Amino acid sequence: MAEIIFSKYSNERSRKFAIRTDILQDGQERFVRKTALYQEGRDHVNKLLSWYEKLEELYRTVSLSCNRCTADETGVRLEYLEGRTLEEVLDELLEKGMVEEARETFVKYLSCVKTIFDRAPFQKTEEFCRVFGDEALPDGLTGAPVTNIDMVCGNLVLTKPASVSGIESGNWDTSSGNLDVIASVLDYEWTFDFPVPCQYVLYRIIHYYTDTHKVRSVLGSEKLCGEFGITMEQIRAFEQMELHFQEYITGSHVPMREMFRYITPGVNTVQTINSGQLQVFFSYGNSYREEHSVTLPMESGEAEHTIGIPKGCTHVRIDPGEQACAVHIRELTMDGHKPSLDTCVIPDGVQTGDWIYIAKEDPNVAEIPVAAETREMKISVKTYGASKELMKQVVKLAEENRELQSKVEQQSRLINDMKNTKVWKMYQKYRNMAERKK
């Protein structure tokens with residue numbers, strides 16, 4: 001009898017796309033099952049079988065395979081793949097300072113994807129407009145009859161240890177079926193049987209890796225786009241496509257994070273989060289993984305906990321809920337000492353004093369350093385949720401204020417330095433003499 005050991009609900013969507021993903025253990029075997037949450041979603045889940053067959057044929061042309069999919073009594077069954085993702089490999093290379101190696105690896109993967117989906121001149125269809133909108137698109141785009149748009153780095157799993165060294169040394173064959181690297185595309189839920197611009201797929205891969213973490217920005221998203229012929233005009237068009245795609249997923253469903261704004265149009269407010277979870281991730285010198293984390297309760301937006309720090313942990317990441325927010329850090333200590341937040345990474349956010357403002361869903365504060373031999377961390381926070389639009393304004397104002405404060409401090413230091421010079425002291429002497437004569 002298979003036992004469920006993990007479940008994830010993707011229910012902030014239209015009913016026809018809402019699904020549940022389970023990881024099950026049956027003796028020594030572990031596998032993944034995807035099922036529709038509603039009757040309307042069965043077709044969406046069952047299509048994975050068709051996408052598997054069509055994509056597997058395409059992937060054979062390069063060093064990729066498709067996560068095996070079979071029919072299940074309640075939905076579909078997929079392999080439980082073990083191994084590091086391309087995202088984790090790239091992160092590790094960057095953490096080691098191997099920027100050029102990471103960039104070379106990333107470019108090789110992008111070249112693989114281009115080989116798969118750069119088949120013929122792109123032509124817009126009615127189905128395309130229904131999903132991605134009908135805005136004018138630049139000329140020169142290409143596509144393929146079947147397209148998986150979600151080829152992001154976190155969806156590529158390196159399924160054999162040898163493949164890791166193969167990728168890091170650049171042995172990624174994009175010419176034929178000679179698989180020097182064995183890697184599998186984990187999820188292909190968002191596949192479409194009509195042409196989608198190959199350049200849009202590449203743009204999503206670049207954007208969702210380089211623009212979602214400060215450390216990754218050294219790879220340069222605009223430069224990478226330029227290498228693959230993606231122009232600024234195309235990027236602006238793809239941003240609109242992405243907005244339409246996200247609206248297509250949610251449909252008439254209003255996510256909980258947007259509910260207040262939906263029932264009170266025109267009102268922007270910040271309010272205490274009634275309930276939720278505070279998740280703390282532990283890093284051992286590489287990326288953050290679900291299995292290396294603890295989930296803690298938040299009541300009325302407040303959380304106050306003492307947690308143990310695993311041996312070998314070098315950094316922690318704090319995820320304060322699931323919506324854009326302002327976080328008041330009332331206490332954050334490790335073995336009684338405050339860690340420095342100067343080098344922490346806050347995607348779409350800013351820190352000022354004891355406050356952190358984050359203008360994104362699934363907010364997080366990453367790369368908080370952990371000193372060697374640290375045993376425990378005490379954390380006390382108060383979290384206030386807000387709309388993403390409001391928090392964007394707050395983050396912008398905070399950044400401007402921080403820049404202004406930095407300039408003031410810089411001017412103050414210059415003045416103080418100047419006051420210690422002989423010229424300034426002589427000026428003060430003669431000025432005082434002149435004032436006494438008056």
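The values are calculated or read from the model by the stated rules, or taken from the named source; none is laboratory data. Source: prediction; values computed, not measured. Every residue, glycine among them, receives a Cβ derived from its backbone with ideal geometry; neighbour counts consider all protein chains shown. Side chains are part of the model used for accessible areas, which takes the heavy atoms of the whole protein and leaves out ligands, DNA and RNA. Shrake-Rupley method; radii C 1.70, N 1.55, O 1.52, S 1.80 Å.
Trypsin sites (Lys or Arg not before Pro), restricted to the stretch 331-385: which are DSSP loop and have at most 10 other Cβ atoms within 10 Å?
Listed in order of number, the matching sites are R375.
Give me, ordered by chain and number, the residues 5 or more places off T85 or on other chains with an amide H under 5 Å from its own placed amide H.
Correct list: L158.
Using a 1.4 angstrom probe on the protein heavy atoms only, could you order T115, T210, T21 from most to least accessible area?
Sorted descending by solvent-accessible area, the residues read T115, T21, T210.
From the protein chains alone at 1.4 Å, what is the descending order of accessible area for M98, M1, M391, largest first?
My answer, sorted largest first, is M1, M98, M391.
Taking a probe of 1.4 angstrom, what is the accessible area of D187 in Å², to the nearest 10?
40
Under a cut-off of 18 Å between alpha-carbon atoms, report the aspartates and glutamates in cross-link reach of K223, not counting same-chain residues fewer than 8 places apart.
Partners within reach: E100, E101, E104, D211, E233, E239.
Any idea of T70's accessible area? Nearest 10 Å², probe 1.4 Å.
Accessible area of T70: about 60 Å².
Percent of accessible area on the stretch 87-160 owned by carbon and sulfur, 1.4 Å probe?
47
At 1.4 Å probe size, put I356, I23 in order of accessible surface, largest to smallest.
Ranking I356, I23 by accessible area, largest first, yields I23, I356.
Among P320, V280, A303, whose Cα lies farthest out toward the positive end of the dipole of the stretch 272-335, if unit charges sit on the beta carbon of Lys, Arg (+1) and Asp, Glu (-1)?
V280
Please calculate the 1.4 Å probe accessible area of E291, with all protein chains present, and give it to the nearest 10 Å².
Ignoring ligands and nucleic acids, E291 comes out at about 120 Å².
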